[in-house]
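Notes for the one structure printed next.
The values are calculated or read from the model by the stated rules, or taken from the named source; none is laboratory data. Because the structure is a prediction, the values reported are computed rather than measured. Note: ideal-geometry Cβ built from the backbone for every residue, glycine included; neighbour counts use all protein chains shown.
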Amino acid sequence: MTSPRPDLAQALERFGRHHLQELGHSPNTVDSYLRDLDWILRAEGDGDGWTQLQTTALRRRIAAKMRSKAAPTSVARGLAALRSFCRFSKRQGWMDSDPSSTLVAPRRRRRLVSVISAEDVVGAIRACRHLVQAAPEEDRHRFLRAALVLELLWGSGLRLAELVGLDWRDVDLRIGQLRVLGKGRKERLVPLTDPAVRALEVWRSDSAGAGPVFPGRTGRIGRRTIERDVHAALASLGNGGPNWPHALRHSFATHLLDGGADLVSVKELLGHSDLATTQVYTHVSVERLKKAYATAHPRA
């Protein structure tokens, strides 16, 4: 080792800052990394926890987690966080070698993503617009916001963090386009649907029209507020379907593929760095076709 090794808690704090400030990851992503690292690096009779960073000890911790019937996705995510931390520690000179390099993640079962039908999303948007007209004045703004949020998450495939981070300078209503800052601070351009353009025009006239598109009491609106808007709008359909923001992004991708869009274009629209990440939606589309066939074909 070429550098003095700090206390493990301090090392983890520096690791978190590295992801936030240098890699541009969101606070939620960093918090998830640190939570995942906690169960792997939690000291067992060791003063600072560093002795847990040995391949044999790490393998025992992962095996114990798997015996506890933790989901393979949870274990694999923790192992990914561990590998990132070990690489960071080695670069800092705190470790001579990477003890995580030979660890193998459990095989993850591929699960189909949750998709909301186009009819249901349109129905939820219409319900919000009706409430704008029928609700008391003090509630009008909230329903107007909910309708716009649904339009953007489903119509442009935004992540929740991307939606919250939108500024009016990122919005070009003239050509119907958004400039989005995604994961790893990667910028991409995404189109706006015509209904989203009209909703943004109404929203801009109803708000300040500068700074964040979705302002809050102290800057930007909170993620929880958007989640509540989406949950209320979709749960009002009463069909027990998915009612969280990311399901709208899943639906965006699936509906594009169902409509004939090519996989590479969908990858670019979603801001994925790896085509394999986008390919999960092809499986969804095939499953939907199978269900339609089984329902409609007389010999199925």
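Observations on the structure shown:
- Boolean, S236 is touching a residue at least 40 places away in the same chain (Cβ under 8 Å), touching a Phe, Trp or Tyr at 6+ places or on another chain (Cβ under 7 Å) and closer than 26 Å to C128 by Cα: no
- The residues of segment 113-170 that are under 17 Å from R228 (Cβ atoms) and loosely packed, with under 15 Cβ neighbours inside 10 Å, listed by number, are E138, D139, H141.
- Selection status of E22, surrounded by fewer than 12 Cβ atoms within 10 Å (Cβ to Cβ) and either aromatic (F, W, Y) or modelled with pLDDT of 80 or more (or both): yes
- Any hit, segment 201-216, residues being among the hydrophobic types (A, V, I, L, M, F, W, C) and closer than 17 Å to D120 by Cα: no
- Filter result for L248 (within 23 Å of L148 (Cα to Cα), in the same structural domain as R140 (by TED's automatic domain parsing), touching a strand residue (DSSP E or B) at 6+ places or on another chain (Cβ under 7 Å) and not polar (S, T, N, Q)): no
- Residue match in segment 36-47 (condition: within 17 Å of Q10 (Cβ to Cβ) and at pLDDT 85 or above): yes
- Residue match in segment 280-291 (condition: loosely packed, with under 14 Cβ neighbours inside 10 Å, at pLDDT below 85, of a type in the set (A, V, I, L, M) and in a helix (DSSP H, G or I)): yes
- Matching residues, segment 251-265, being in a helix (DSSP H, G or I) and within 18 Å of A196 (Cβ to Cβ): S251, F252, A253, H255, L256
- Top-ranked residue in segment 203-237 [being hydrophobic (A, V, I, L, M, F, W, C) and in a loop (DSSP other than H, G, I, E, B); ranked as surrounded by the most Cβ atoms within 10 Å (Cβ to Cβ)]: V213
- Entry remark, segment 179-202: residues being of a type in the set (G, A, S) and assigned to a loop (DSSP other than H, G, I, E, B) number 1 in total.
- Scanning segment 97-105 for any residue that is closer than 27 Å to R249 by Cβ and surrounded by fewer than 19 Cβ atoms within 10 Å (Cβ to Cβ) turns up at least one such residue.
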